[in-house]
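Asks: Got a structure for you, questions after.
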Amino acid sequence: MSEAMNRRGFLTAAAGAAAAGMVAPEAGAGEEKFPPVQWKMVTTWPKNFPGLGTGANHLAELIQTMSGGRIKVKVYGDKELVGAFEVFDAVSRGTAEIGHGAAYYWKGKHPAVQFFAAVPFGMTAQEMNGWIYHGGGLELWKEVYAPFGLVPAPAGNTGVQMGGWFNKEIRSLEDLKGLKMRIPGLGGEVLKRAGGTPVNTPGGEIFPALQSGAIDASEWVGPYNDLAFGLHKAAKFYYYPGWHEPGTTMECFFNKKALEALPKDLQAIVLAAAQAANLDMLSDLTARNHAALEQLINVHKVQLRKFPDDVLRRLKQLSNEVLAEVAASDPLAKKVYESFKAFRDQAAAWHRVSELAYLTAREL
Ligand code: CA
């Protein structure tokens, strides 16, 4: 008997069994009862924005593929369904089921959210993941978002960012005084205390602002993203390290009711997709950044500079002051800060004899 005949024979037998009412159980009972759903994902990024908007697209694709199409996700960029700053509320009230952004956007909702995104002199990507997944961070994050009917999850990480683009050298703290720099969030507050003027220019407007002199300096992400924006055409000194964003975490968050209405297997799939997206963004940027940096230096003749140690030391002092003030503003923010700080201090002690010691040894 040929393979085709064998197969046909089996199908015929199966059809006969089905006709007789003996339908074989194909999958879990949950799958039979739960019809495919169409979800909306609203994002704080312009549609297909390199690295971030594309990270949101990737998460949507993962959810669709991993669920076998049982959850379809349509992604909306900034202003397509709601504006960037309305994403949190839109998912909270159920206009969309998923949001994609970075938690620092929601500091007006609760000051504690800032510890889940970008903290000056905070944790690296690896340390953030350790704290969030296995150090109590995610439980606290859920506690902060729970009153809004949202369930958060990390969904990407940039790794250590670059310090930014400048048209003059930064030799001392004096050089930061009066400097008008695009640097958002807590890092911006630190710059302000160092005498600078932080501005919150949206990503897409950085290049013209820097080129026209409307701003003196700007940070963005790292070599790969910065090269894509052409920032090297508007400034010649490229500073490191990104003290203000050492492991910026992207987030996704789900409308709690929509998430909990899913069968258990789909809930697990959605959260596993977020975990996969979290790893993928960091891996993607790690793979691309070094080649982009080489291109910036060798092809575009960008001048790479390290911030002087005394400048970094002062910025770190100011950062600690800013973080302590955020913590003092609210009991839950204090609880999150204390967990964050304890984990950072422990991770620093461990990484002093592991990552730091090894990376230093590799350079000998
Ligand atoms: Ca940045």
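Asks: Taking loop as defined by DSSP and a crowding limit of 16 other beta carbons within 10 Å, which trypsin sites (Lys or Arg not before Pro) in the stretch 150-246 fit?
Replies: Answer in residue order: 168, 171, 177, 236.
Asks: FRET efficiency for residue 168 and residue 360, Cβ-Cβ distance as r, R0 = 22 Å, nearest 0.05?
Replies: Result of the calculation: an efficiency of 0.10.
Asks: I've got another one for you. I need the trypsin sites (Lys or Arg not before Pro) found in the stretch 27-104, filtered to DSSP loop residues with at most 15 other beta carbons within 10 Å of theirs.
Replies: When the trypsin sites (Lys or Arg not before Pro) of the stretch 27-104 are filtered for loop state and at most 15 Cβ neighbours within 10 Å, 47, 79, 93 remain.
Asks: Further question: For residue 251, enumerate residues with amide H under 5 Å from its amide H, sequence gap 5+ or separate chain, H modeled in the peptide plane.
Replies: Amide H neighbours of residue 251: 101, 102, 103, 155.
Asks: In Å², what does the accessible area per residue of the chain work out to with a 1.4 Å probe?
Replies: Per-residue accessible area for the chain comes out at 48 Å².
Asks: Would you tally the net charge around residue 255, using a Cβ to Cβ cut-off of less than 13 Å, leaving residue 255 out, and scoring K and R as +1, D and E as -1?
Replies: On the way: positive: 40, 93, 256, 257; negative: 89, 97, 260.
Once all neighbours under 13 Å are counted, the net charge is +1.
Asks: Measure nothing but the geometry: give the 0 to 90° angle between the long axis through the Cα atoms of 3-19 and the longest principal axis through the Cα atoms of the chain, rounded to 10°.
Replies: 80
Asks: Could you give each residue of the stretch 246-252 its phi-based ³J(HN,Hα) in whole Hz, using Karplus coefficients 6.51, -1.76, 1.60 with θ = phi - 60°, and x for Gly or Pro?
Replies: x, x, 4, 9, 8, 10, 10
Asks: Applying the Karplus parametrisation 6.51 cos²θ - 1.76 cosθ + 1.60 with θ = phi - 60° to the phi angles of the stretch 337-349, what ³J(HN,Hα) value in whole Hz is obtained for each residue in order, glycine and proline being reported as x?
Replies: 4, 5, 5, 4, 5, 4, 5, 4, 5, 5, 5, 5, 5
Asks: Rounded to the nearest percent, how much of the accessible area of the stretch 122-249 (1.4 Å probe, protein heavy atoms only) is carbon and sulfur?
Replies: 53
Asks: Can you list residues whose amide H is under 5 Å from residue 164's amide H, if they're 5+ apart or on another chain and H is modeled 1.01 Å from N?
Replies: 239
Asks: Put one equal scatterer on each alpha carbon of the chain, apply the Debye formula with no solvent term, and list log10 I(q)/I(0) at q = 0.10, 0.12 1/Å to two decimals.
Replies: -0.67, -0.91
Asks: Follow-up question, since we're still on this one. Are there GluC sites (Glu not before Pro) in the stretch 294-364 that DSSP puts in a loop and that have at most 15 other Cβ atoms within 10 Å, and which ones?
Replies: When the GluC sites (Glu not before Pro) of the stretch 294-364 are filtered for loop state and at most 15 Cβ neighbours within 10 Å, 363 remain.
Asks: I need the phi-derived Karplus couplings for the stretch 310-323: 6.51 cos²θ - 1.76 cosθ + 1.60, θ = phi - 60°, integer Hz, Gly and Pro marked x.
Replies: Residue by residue, the stretch 310-323 yields 5, 5, 5, 4, 5, 4, 5, 4, 5, 4, 4, 5, 4, 5 Hz.
Asks: Build a GNM of the chain with springs between Cα atoms under 10 Å: which of 43, 65, 158 gets the top mean-square fluctuation?
Replies: Between 43, 65, 158, it is 65 that shows the largest mean-square fluctuation.
Asks: What are the residues whose amide H is under 5 Å from the amide H of residue 307, where those residues sit 5 or more places off or on another chain and H is modelled from the backbone?
Replies: Hits under the 5 Å cutoff: 240.
Asks: Using a Cα-Cα cut-off of under 21 Å, which lysines could be cross-linked to residue 47, ignoring same-chain neighbours fewer than 8 residues away?
Replies: Partners within reach: 72, 74, 79.
The values are calculated or read from the model by the stated rules, or taken from the named source; none is laboratory data. Nothing here was measured: the structure is a model prediction, and the numbers come from that model. With ideal geometry, Cβ positions are generated from the backbone for all residues, glycine too; neighbour counts draw on all protein chains shown. Areas reflect the complete protein model, heavy atoms only, side chains present, ligands, DNA and RNA absent. Shrake-Rupley method; radii C 1.70, N 1.55, O 1.52, S 1.80 Å.
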